[in-house]
Amino acid sequence: MSIVTKQREPLRLPIKTEAELDKISNLPGHVIDQILSHLPIRDAVRTSVLSRKWRYKWATIPYLVFDNQCLNVSSQDQTFIKNKLVNIIDHVLLLHKGPLHKFKLSHRDLLGVTDIDRWILCLSRSSIKEFILEIWKGQRYKPPSCLFNCQNLIHLELFNCLLKPPLTFKGFKNLRSLDLQHITIIQNVFENLISSCPLLERLTLMNFTGVTHLNIDAPNLQFFDIGGIFDDVSFQNTVHLALVSIGLYVNIDNEENNAEENSSKLLRFFVNLPHIRRLEVQSYFLKYLAIGSVPSRLPNPCVDLNYLSIRIDFEDLEENIAAQCLLRSCPNLQELEMLARPEEQNSVETSSNFWEDDHWSSLFAHLRLVKVSGISGVKSEMDFIKFLLSNSPVLERLTVKPASQDGEWELMKELLRFRRASIYAEVIYLDP
């Protein structure tokens, strides 16, 4: 009797369609847009070779960034690099279609060439919302008047530019963020620019020329970061201003200024900052605040202020008085940073035992974190640290970082001897 066996048929795999094999081409449009938005423009253009669906898909990217990554050449010839960059930008703008929301131009070899005028003219005809121009070499570049026609701008950032708007300019009605660095702009133009941007929320101004009196009139301003050389600063209609970082880059003679100034700079500075939450007093700005008659505390305390950073000469009596007024006026302070200026340490003598408890009428009831940097261990610095430790009942951490290693062992021993009002206070010593 013969046994008949049934031969098993080979397993047949399902045949994948062309669409299933080409997953890249069949990605949803919004996914492709997301991928392209994270690529340098050079690589985004190269995606045209992936498939027919990807061809010229890059031309619809609403965010164009031309920086050091968009050009990869080994040549050191500046003319060659400049021409190559200009050709790339011309090519991209020529083929671009659809809305253009952001344009950033920041290349280390870019000069203020006239080609930028053409590109800005092209952008002014679109609904550009973010414009960033950083000229890293050469003299100040003066943007063409058509830049001031971009009324859909939300963010404007300029580096190494000369600003001179046309007389017909009435402000950027939708601008919310303005960042000006290494800028030349005259006084009245600056004031008109700020006051004619009614929605402005963030203002950064660094290393500027042409403006000596910073009169800030911005009803919606929330963030203000400034560093430079100026004579005066004042605020109007800034009830929403919450974060302020301000640095004066030149030392001033307080004796000469006090002879001319009777009113308090410190009082005038805070009168229109009722809701400030974070304040950074940088460089020599504390000297400015010390001009005039400094009160023991502000008439209206900064009840919302929870972070304070002060750069101070602990050997300068007037700066100590101004710092004391600030500390007394911040009842809800949670974080404090004190940065000593080592180069100033031996300039002026303070009164003995300035930071004593007997002239202090309130505690740091909410202070949790303190950082003291740049100290050298002189008596005024150590008195201040001792004072903080003994008047901060909820302090969690005090971090001390000296300017140098000279006398660090004696400094550490003295820190350990100080009484602490908080049983949880931890003293951390960092090497310089």
*Kindly check whether there is at least one residue in the stretch 250-264 that is hydrophobic (A, V, I, L, M, F, W, C), at pLDDT below 95 and open to solvent by less than 60 Å² (accessible area, probe 1.4 Å).*
yes
*Could you please find all residues in the stretch 319-343 being touching a Leu at 6+ places or on another chain (Cβ under 9 Å), crowded, with 19+ Cβ neighbours inside 10 Å and of a type outside the set (S, T, N, Q)?*
Glu319, Ala322, Ala323, Cys325, Leu326, Leu327, Cys330, Leu333, Leu336, Met338
*Any idea how many residues of the stretch 227-248 are of a type in the set (A, V, I, L, M, F, W, C) and within 17 Å of His275 (Cα to Cα)?*
7
*Could you grab me the full set of residues in the stretch 82-101 that are part of a helix (DSSP H, G or I), open to solvent by less than 50 Å² (accessible area, probe 1.4 Å) and in contact with a helix residue (DSSP H, G or I) (Cβ under 7 Å, 6 or more places away or on another chain)?*
Val86, Ile88, Ile89, Val92, Leu93
*Report, by residue number, each residue of the stretch 170-195 that is open to solvent by less than 20 Å² (accessible area, probe 1.4 Å) and closer than 21 Å to Ser234 by Cβ.*
Gly171, Leu178, Leu180, Ile183, Ile185, Phe190, Leu193, Ile194
*Restricting to the stretch 220-241, what's the tally of residues that are open to solvent by 10 Å² or more (accessible area, probe 1.4 Å), closer than 23 Å to Cys302 by Cβ and outside any strand (DSSP E or B)?*
6
*Subset tally (residues that are in a loop (DSSP other than H, G, I, E, B) and touching a residue at least 24 places away in the same chain (Cβ under 8 Å)) for the stretch 199-219*: 7
*asked:* Can you find a residue that is among the acidic types (Asp, Glu), in contact with a His (Cβ under 9 Å, 6 or more places away or on another chain) and over 30 Å from Arg108 (Cβ atoms) anywhere in the stretch 205-219?
replied: no
*Consider Lys164 carefully, then state whether it is surrounded by fewer than 16 Cβ atoms within 10 Å (Cβ to Cβ), modelled with pLDDT under 95 and closer than 21 Å to Ser124 by Cα.*
no
_Against the conditions (1) open to solvent by 60 Å² or more (accessible area, probe 1.4 Å); (2) under 22 Å from the mean Cα position of the chain (by Cα); (3) at pLDDT 95 or above, where does Phe159 fall short? Just the number, please._
(1)
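The values are calculated or read from the model by the stated rules, or taken from the named source; none is laboratory data. Remember, predicted model here, so these are calculated numbers, not experimental data. Don't worry about glycine lacking a Cβ; one is built from the backbone with ideal geometry, like all the others, and counts go over all protein chains shown. SASA here: full protein model, heavy atoms, side chains in, ligands and nucleic acids out. Shrake-Rupley method; radii C 1.70, N 1.55, O 1.52, S 1.80 Å.
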